[in-house]
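Beneath this line is the structure, given in structure tokens, with notes to follow.
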Amino acid sequence: MAKIILHFVILLLPLSAMASDTLSTIRERKTIIIAHRESSIPFSYLDAQQRPVGYALDICLKIVDAVKRELKLPALQVKYLPVTPANRLQTIADGQADLECGSTTNTSERRKQVDFSIAYFIAGAKMLVRSDSGIRNWGDLRGKTVVTTKGTTNAQTLADRGQVRSLNLNLIESKDHAEGFAMVAQGKAAAFAMDDVLLYGLRAAAAHPADFQVVGDSLSTEPYAIIFRKNDAAFKHLLNQELSRIMLDGDIYRMYDKWFMQAIPPHNIKLQLPMSQLLRSSLRFPLADVAGAAQ
């Protein structure tokens, strides 16, 4: 009888009471696992020693410090797990990593699978082309092959644009951003459609940056945020509290200058990408919901 009553009580518990407790998991294993990307310059990528670095990684290491303080574990270990656009959400949902630090857009569809922190960057979708291609806007792509990275919001955005304007695009997908860029460089695709900041990063890292241009009207607004498992109010509060602190204290402006205005590893390239007014405004009010634009 006691077992039946216990089972009935469990069924009546709210979902939040049965949610994954990330902080307890981290405390038990004395390790926090960060999922990262390998070619999302300057957010999350590998340096010359194959170590994960970038703007998003610096932000997440601030989160790690906050977790250390919360759990009183100064010796907390950090483990890194590489992910791709195609598997990043599932990796977090399955509990293989505690948070993903990359260039992931907060969308309503993705929020069905994972949860998001407040945004730390806002991008816009454009395209990278060869400078001698003659392509300057989306209408110039009629009948051409266009690549976008598998598992990104740009794939659906581009499909919608092609249908609306009857561009008759041949849409193909790359496994990651580096492969998408290579397809344009090798003439296998006329354009690589992706978030503008990532395209600027790939262009700056190319052997001959002048051979490529980032063009086209912005197709969408892409708020980047940290992803973590759903229904974990305590972990979400800690994440957003620390993100708000580094925004309001000004730490994030120093991080931005380091990764977007100064020379970055491994080739000392400079993106020279000043902070947009939209991002600057969002950082002044970090608890405002900027996810609504990316549905």
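The values are calculated or read from the model by the stated rules, or taken from the named source; none is laboratory data. Remember, predicted model here, so these are calculated numbers, not experimental data. With ideal geometry, Cβ positions are generated from the backbone for all residues, glycine too; neighbour counts draw on all protein chains shown. Remember, those area values only see protein heavy atoms, side chains included, never the ligands or the DNA or RNA. Shrake-Rupley method; radii C 1.70, N 1.55, O 1.52, S 1.80 Å.
Toward the positive end of the charge dipole of the chain, with +1 on the Cβ of Lys and Arg and -1 on the Cβ of Asp and Glu, the farthest Cα among Ser174, Met261, Pro209 is that of Ser174. Using a Cα-Cα cut-off of under 26 Å, which lysines could be cross-linked to Lys144, ignoring same-chain neighbours fewer than 8 residues away? Cα-Cα hits under 26 Å: Lys126, Lys175, Lys188.
Considering only Gly139, Phe192, Pro74, and ranking their Cα positions along the charge dipole of the chain that arises from unit charges at the beta-carbon of Lys, Arg, Asp and Glu, the one farthest toward the positive end is Pro74.
Computed from the mean reciprocal separation of all distinct C-alpha pairs, what Kirkwood hydrodynamic radius does segment 149-192 have, in Å?
Hydrodynamic radius (Kirkwood, Cα only) of segment 149-192 equals 10.9 Å.
In this simple spin-label model, placing a label point 7 Å from the Cα along the Cα-to-Cβ direction at both Arg69 and Tyr253 gives a separation of 2.1 nm.
Please get the size of the charge dipole for the chain, origin at its Cα centre, with Cβ charges of +1 on Lys and Arg and -1 on Asp and Glu, quoted in debye to the nearest 20. Write out the running numbers ahead of the final one.
Numbers: 35 positive and 29 negative charges, 48 e Å.
It works out to roughly 240 debye.
Rounded to the nearest 10 degrees, the inclination of helix 196-205 to the longest alpha-carbon principal axis of the chain is 70 degrees.
From the protein chains alone at 1.4 Å, what is the descending order of accessible area for Tyr253, Tyr120, largest first?
Heavy-atom accessible area, descending, gives Tyr253, Tyr120.
Across every pair of non-identical alpha carbons in segment 109-199, the mean reciprocal distance, once inverted, gives a Kirkwood radius of 13.8 Å.
Each peptide in 84-93, 174-183, 69-78, 135-144 was scored by the mean count of other Cβ atoms within 10 Å over its residues; highest first, the order is 174-183, 84-93, 135-144, 69-78. Among the listed options (1) 20.6, 66; (2) 32.3, 105; (3) 20.5, 78, the one matching Rg and Dmax of the Cα atoms in Å as calculated from these coordinates is (3). The modelled label-to-label distance between Gln272 and Gln113, using points 7 Å beyond Cα along the C-beta direction, is 3.8 nm.
Modelled label positions at Lys79 and Met261, each set 7 Å beyond Cα in the direction of Cβ, lie 3.9 nm from each other.
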